[in-house]
Structure formats: structure tokens, C-alpha cells
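**Q** I have a structure I would like to understand better, so I am pasting it below and will then ask my questions one at a time.
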Amino acid sequence: WRWAPGAFTVEFYYDTVWHTIHEGYGADYLLKTDFSLNKPAMRIRVTMRAASTLDPKLGILQLKVFRVTSKLVPRMVAEDGPWNATSVEPLIDKVDPLSLDSDTETYWMTAHATDFAEVLLDLHAIYNAVDVGIYYGFAPQVFVVYMATDPAGPWEEIAVTSGDIPGFFNLEVVGPSFPIRLLKIEIIKGYRDTEEIFGTSIRDLAVYLFRNWARNTNASADSMWDYSPLQIVDGDRSTRWVSRYDTSHGKLVVDLGKPINVAGMSWEFEWGCRFYRLLYKINATGEWTEALYDNGDFTGLVEIPTTVHFKARFVMLEMKEPLVKIFHPDTPGLPKTDKYVFSVLDLKIFEHTGGGGVVGLQSLDGLQYTTLAYGLREPGQWVLASENEIFTRDLGEPPDFALDEWIHFAVTFETVDSQGTNRLTAVNVYRNGIPYGPEMRMPQPIDRLSMPNQTRLVFGVRSSAHDVANASAWPPGESTLDPSLKENPAAEQWPDPEGNDPVKHGASHSPYFDGWLDRVTLIKNALSPEEVRGVYLDLEL
């Protein structure tokens, strides 16, 4: 409702007759009226009476009608039998959460006042997650949440907290990633319904592999019209921010709480614009830096590619030339009173994770290295990392987010020419027995990573020279990292045309690999493509 009525009646028209199906008074604290039923309808009629004769205002902002589905419950289960989510195949999605289904209007429910019930979600594999989500319909009065990597335990209790969305709970403290396979909810005291009809209900369970850093953060705007900018970061697409009535220029600012490596953003316009700018800054007193400018007719979902990345705490969306005019609610339909506005439903900001080295060769001190790394330059991109990027080239392959399966990589190095103190090396990368990117021919010093007893294998980090006492305390102080390992702060552009070759994201992104290694083989001679394929097929068999 915009202005809730004192009383109202809802009627459905079907088979030539109007049927009264709901009578209500006022609205809830969110100015919403929500009721469920199973009735056929061709038309809907709402009859309202104002709450006050002194100020007779009536207004409806939005009306939603949902089709009945077979999943709509309450669907009662035995009180002594736990609901095991393994009976529902998880939806494996690498950006959105691992949801049981995508419809939060369906839910599971206990019988009324059911206590000591257990809900178990099994993802069937161990994932490194950053957050969990529990979306209740009717939340229990007392519950405890646990996680584990093995059905036999041990189980670790995790603290969750509610946010702006009623019934939605997330981790109380979101920090480094953690391994999880099972999520368990113990309902100690269930929901109490005054009419003794409904019990505890769960709309959705989620395990997040990538965190939307904008969610539940602080958002502000240079203008608004009854709809707070906080509603673009509440995770609820049914809420929105609306600019001041009659405006041609709008700004939204999100404070992420701390600087993060941003790669990938999206927002959804309800009423869009012709021009937008994306700006960022590290701290409150810094200057805004432009990350992207675009023009066109932007409506609906706008997605920024992960190739646009920057480090920021504050992110601004600036809009110009709105596309939509609306009438003021006080003068609906009155000629020449419709004015321009902006409106945004939702905004998401994702972190550029990755950068870790999987396996490589390095000198004894780690200042020379060639290491297979994940997500260093771009999210999801495999690349050979090296000091001063002497061996680093983009492979031209799309992002790889096959995080739930084993991958076989092979990298071959073959000296094809040598002159004086330099040699030319042909490098080929293979993924699951198939060439991954083109052959690369790169010069290097003749003694680099080739002298007897001066080379070692390195696992789980780009090189030992990146090692710090606390792996979660990255990045280290600028003075503690060798210049050949980090991005050159003096470079005006990347790559630096003056030859001060930086390592893109060398200092900003953690060198530690967050994943698993099954086996590593070192072969003296460079294999041919056929031999690499044979090795892969032999492992498959």
C-alpha cells in the first residue's frame, strides 16, 4: 500500500460471478497485505474505505498474484523424522547460492508448535564458502545452526544474525572462506501461531561461494522519494530506491565497510537512464576515480563484466537523463504533471577472489618462479604467474568456474633456441588433455630455473617469497614484498611502457591457493600434445 485503508474487500471474478474471497482491515508494519488461497480468477477487484475521513487517502503501490504450485504447503511430516535436503537435488550455481530451488514462495513447514526438529542440508561435496543463508517464512523462537564437512562430524556451531529482510539470517561475522558440506538447523522451540495453524517454515537455504559485498551495507543517495536507498542492498527485489520527483541527475553511494578487490557488478533499474558513470574511492576523504562510463537506454538488469576491476571501499553509481516519467500520486493523470524519476531495485558487488598459485617451479629464494595460478589477472582465469611477468601471458580462455570437479592441467616447456645468455622457450598449457590457449614463445635468461640444485617445486602459493606469517593477513606491508613480485605503483598504465614490468595484482591479491591438489608429476622431457592427451586419458581410465 501507499496509504493503507481502514477496511478493504478483495473479490475474484470467475464464471460470470464476483466472489468475495478476503476482507481486511489496515495493513502490517511493512504496509503490506499478504494472504494465500487457491481460487480461480479472471479479474480482481479491490474495494477500499479510507482510514480517516479527515485525511481520506487511499493508494496501492503494487499488487502481486501468484499461480498455485504443487509445492505450496503446509505439507506435514512426521514430527520425529528430520527433513533431509539430500532428497532434493541442489542447484549448483557458481554465482548465486546453492539453492534448493529458486522459488522462495515455496517452503517446508512443521506442524504447529513443533519443537526439537532437525533440518539437514547436504551439498554432496565439500565447498569453500563465504556465507550461509537461512530464509524463514515463520521463524522458530529458538534454533541453533551447525556445519560440518563429514556426516559423522565433528559439528561446529555457527552464529547467525537477522538483517533488514524479515526471516532472513546470515553469518554474524563474514570473514575468510571455510569448508562446508553439511548445514544443520536444530529447531529447539518452534513457531507459535495464535490460531494454532502454522508451524516453523523455511523458504530457502543457501551456501554462498561468492559474497555480494553490497548486501546489508550502508547505501546513501543524493535524493529520495519515500523509498530509502538501503532498499537496493537488502537483497529483496520487491523493494526499491526512488529518486526525488522531477530530477534529471541522481547518485547512489555504497559503503562496503572496508576496501575490497571489486570485479563484477550488477544493478537492476526499475526506471532507468541514458547515461551512467561508475566511480570508486578507497577512503572517505579520497577523490573519486571513474571506472566506467556508458550511454544508451539502460533499463532492467545492467551487468558490468568482471574485466572491470578496482580496489575500493566506496562505490558510486551516477545517473543522468532518466527514461521514465510518472504522475505524482496526488495528481494522477493530470496533464503536464508527470515528471522524470530514477528507480533502482537491487545492486550487487562481487569480490575479485583468487590469485593463488597451485603448483610451480621456483628458485631457492622464490624470487624467480613459474607457477600455475588461478584468478590472478581476471576472475576465474588460469594463468602462469612469474616474477616481473617474464612468463605471464593471457591465455585467451573464458573464466573457469568448474569448482566442483577435478581438473587435469599439464604445462610443457621446451627450449627451441638459445643465443648468448638468453634462450627461447615454447610453453604450452593443456586442460583435461586439450590445448588451453595458444603456444607461447618467450625469452628468458639461460640460467633461469635451470641450474642444478637451485630449483624447487612449490605448492599452494605463487612462490615462497610471497609467504607471510599469517596467510589471512594479506596484503603485507609494501616494504616487505620484493618489487619484482608486485604491481608497480609508479606505473601510469599497465603494462608499464618504460619497462618497469609490474605483476598485475601481485600485492593486492593473495598468493595462496584455496583448493585441493590430488597429484603432481614432474617429467624431464616436454610432452607432445598426443602424449599429454594419453596421460589424461590414462588417468581417466
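The values are calculated or read from the model by the stated rules, or taken from the named source; none is laboratory data. Only a predicted model underlies this, so the values are computations on that prediction, with no experimental measurement involved. Backbone-built Cβ (ideal geometry, glycine too); neighbour counts: all protein chains shown. Surface areas here come from the heavy atoms of the whole protein model, side chains and all, with no ligands, DNA or RNA. Shrake-Rupley method; radii C 1.70, N 1.55, O 1.52, S 1.80 Å.
**Q** Estimate the FRET efficiency between SER464 and GLU157 by the formula 1/(1 + (r/R0)^6), using the beta-carbon distance for r and 25 Å for R0, to the nearest 0.05.
**A** Numbers: r = 36 Å, r/R0 = 1.45.
According to the calculation, E is roughly 0.10.
**Q** Another question about this same structure. So which GluC sites (Glu not before Pro) in region 196-294 pass both tests, a DSSP loop state and at most 12 other Cβ atoms within 10 Å of the Cβ? Working shown, then result.
**A** On the way: sites: GLU196, GLU268, GLU270, GLU287, GLU290; in loops: GLU196, GLU287.
Here the sparse-neighbourhood loop sites are GLU196, GLU287.
**Q** Could you bin all the Cα-Cα distances of the chain into 10 Å bins starting at 0 and give me the percent of pairs in each, rounded to whole numbers?
**A** Going from the shortest bin to the longest, the percentages are 3, 14, 21, 22, 18, 11, 6, 3, 1, 0.
**Q** Grab the DSSP H runs of the chain that are 4 residues or longer, score each as -39,500 (n - 2.57), total them, divide by all residues and round the 222 nm result to the nearest 500 deg cm²/dmol.
**A** -500 deg cm²/dmol
**Q** Calculate the spin-label point distance for ASN283 paired with ARG393, positioning each point 7 Å from the Cα along the beta-carbon direction, and give it in nanometres.
**A** Output for this residue pair reads 4.1 nm.
**Q** Okay, next question. Pairing the Cα long axis of helix 529-540 with the longest principal axis of the chain, what angle in degrees results, from 0 to 90 and rounded to the nearest 10?
**A** Tilt of helix 529-540: around 50 degrees.
**Q** Same structure, new question: Roughly speaking, to the nearest percent, how much of the chain's 1.4 Å accessible area is carbon and sulfur?
**A** Taking all protein chains in place, the chain shows 51 percent carbon and sulfur surface.
**Q** Right, next: For region 283-427, what is the per residue volume of the convex hull drawn over the alpha-carbon atoms, in cubic angstrom?
**A** Hull volume normalised by residue count: 224 Å³.
**Q** For PHE275, PHE391, what's the largest-to-smallest order of accessible area, 1.4 Å probe?
**A** Final ranking, largest accessible area leading: PHE275, PHE391.
**Q** Please tell me which of these pairs span more than 26 angstrom C-alpha to C-alpha: LYS57/LYS320; LYS251/LYS325; LYS251/LYS504; LYS311/LYS348; LYS281/LYS348?
**A** Distance filter (> 26 Å) returns LYS57/LYS320; LYS251/LYS504.
**Q** Please compute the per residue accessible area over the chain with all protein chains in place, 1.4 Å probe, rounded to a whole number of Å².
**A** Accessible area per residue, the chain: 54 Å².
**Q** For ALA41 and ALA113, compute 0.36 nm times the residue count separating them, minus their Cα-Cα distance, and round to one decimal in nm.
**A** Using 0.36 nm per residue and subtracting the Cα-Cα distance, I get 22.6 nm.
**Q** Let me ask something additional. Specify whether the C-alpha gyration tensor of region 192-232 places it in the rounded, prolate or oblate class, a ≥ b ≥ c being the square roots of the eigenvalues: rounded for a/c under 1.5, otherwise prolate if a/b is larger than b/c and oblate if not.
**A** Here region 192-232 falls in the oblate category.
**Q** Could you compute the FRET efficiency for ASP330 and LYS32, with r as their C-beta to C-beta distance and R0 at 25 Å, rounded to 0.05?
**A** Working: r = 22 Å, r/R0 = 0.89.
Calculated transfer efficiency: 0.65.
**Q** When the gyration tensor of region 101-258 is built from Cα positions, what are the square roots of 5 times its three eigenvalues, in whole Å, from largest to smallest?
**A** 33, 22, 12
**Q** Then there is this: Excluding ligands and nucleic acids, what accessible area in Å² is computed for SER52 using a 1.4 Å probe, to the nearest 10?
**A** 40
**Q** Follow-up. Sort SER418, SER201 by heavy-atom solvent-accessible area, probe 1.4 angstrom, most to least.
**A** If we order SER418, SER201 from most to least accessible, we get SER418, SER201.
**Q** Work out the charge dipole of the chain with +1 on the Cβ of Lys and Arg and -1 on the Cβ of Asp and Glu about the Cα centre, then indicate which of PHE298, PHE350, TYR13 is farthest towards its positive end.
**A** So the residue we want is TYR13.
**Q** What order do HIS19, HIS509, HIS112 take when sorted by accessible area (1.4 Å probe), most exposed first? Don't skip to the end; give the middle numbers.
**A** On the way: HIS19 85, HIS509 5, HIS112 55 Å².
Result of the area sort, largest leading: HIS19, HIS112, HIS509.
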